[in-house]
1. For segment 47-145, with only Lys/Arg (+1) and Asp/Glu (-1) charged at the beta-carbon, what is the dipole magnitude about the Cα centre, in debye rounded to 20?
2. From the phi angles alone, apply the Karplus equation (6.51, -1.76, 1.60; θ = phi - 60°) to segment 93-110 and give each ³J(HN,Hα) in whole Hz, x where the residue is Gly or Pro.
3. Just to check I understand the Karplus step: with θ = phi - 60° and J = 6.51 cos²θ - 1.76 cosθ + 1.60, what whole-Hz values come out for segment 80-85, glycine and proline as x?
4. Can you compute log10 of I(q)/I(0) for segment 47-145 with the Debye formula, treating each Cα as one identical point scatterer, at q = 0.10, 0.14, 0.24 Å⁻¹?
5. Would you please give the residues with an amide H less than 5 Å from that of residue 124, counting only those at least 5 places away or on a separate chain, with H modeled from the backbone geometry?
6. In segment 61-119, what trypsin sites (Lys or Arg not before Pro) fall in a loop by DSSP, with at most 14 other Cβ atoms inside 10 Å?
Amino acid sequence: MTLTRTAKFRAIFRAALLLICALALTVPLISAQKERAPAQKDESVYAELAKAPKKAVARRNPMEHDPEAVAAGGKLFDLHCAECHGETAEGGRKAPSLRAREVQQATPGTLFWILTNGVVRRGMPVWSKLPEPQRWQIVTYLKSLGPAEKSSQ
């Protein structure tokens, strides 16, 4: 059976069209997989800070310049956080230092996001039920501490 020139052209055109459609469907899937796959898995206890969404990172602390927020945040820290992070926030057996460079350089919004969502797989509870102003007071307190004199864990 011999195909006419027109029939050959149609067969090639259909094959090319199928190939283009297949590629069009495959490229987004490959791109999505590359975006999700981390270049390197960071096992650092501070890796969660990098997972905060951009919107959360950019969030400003409404109590940043409130001197009373530091004192209130310190009391809340003693009540809710010191058991794991230590009385001076330099870490303990259960939790890392909050005076580490990674934490102190994080934006207030990032710290608020971590506090709100917790790091459950590492044992940090979710504090979303704590009223938002109290969470901001804790963030204000943490930022007031500054880095520890020793290097981070």
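Coordinate-derived values only; no laboratory data. Fair warning: this is a prediction, and the values are worked out from it, not measured in the lab. As a convention, Cβ positions derive from the backbone with ideal geometry for all residues, glycine included, and neighbour counts pool all protein chains shown.
1. So the magnitude is around 500 debye.
2. 5, 8, 8, x, 5, 9, 9, 5, 3, 4, 6, 5, 8, 5, 6, x, x, 5
3. Calculated HN-Hα couplings, in order: 10, 10, 4, 4, 9, 8 Hz.
4. -0.22, -0.45, -1.52
5. Under 5 Å from the amide H of residue 124: 119.
6. Values: sites: 75, 93, 94, 99, 101; in loops: 93, 94, 99.
Passing sites in segment 61-119 are 93, 94.
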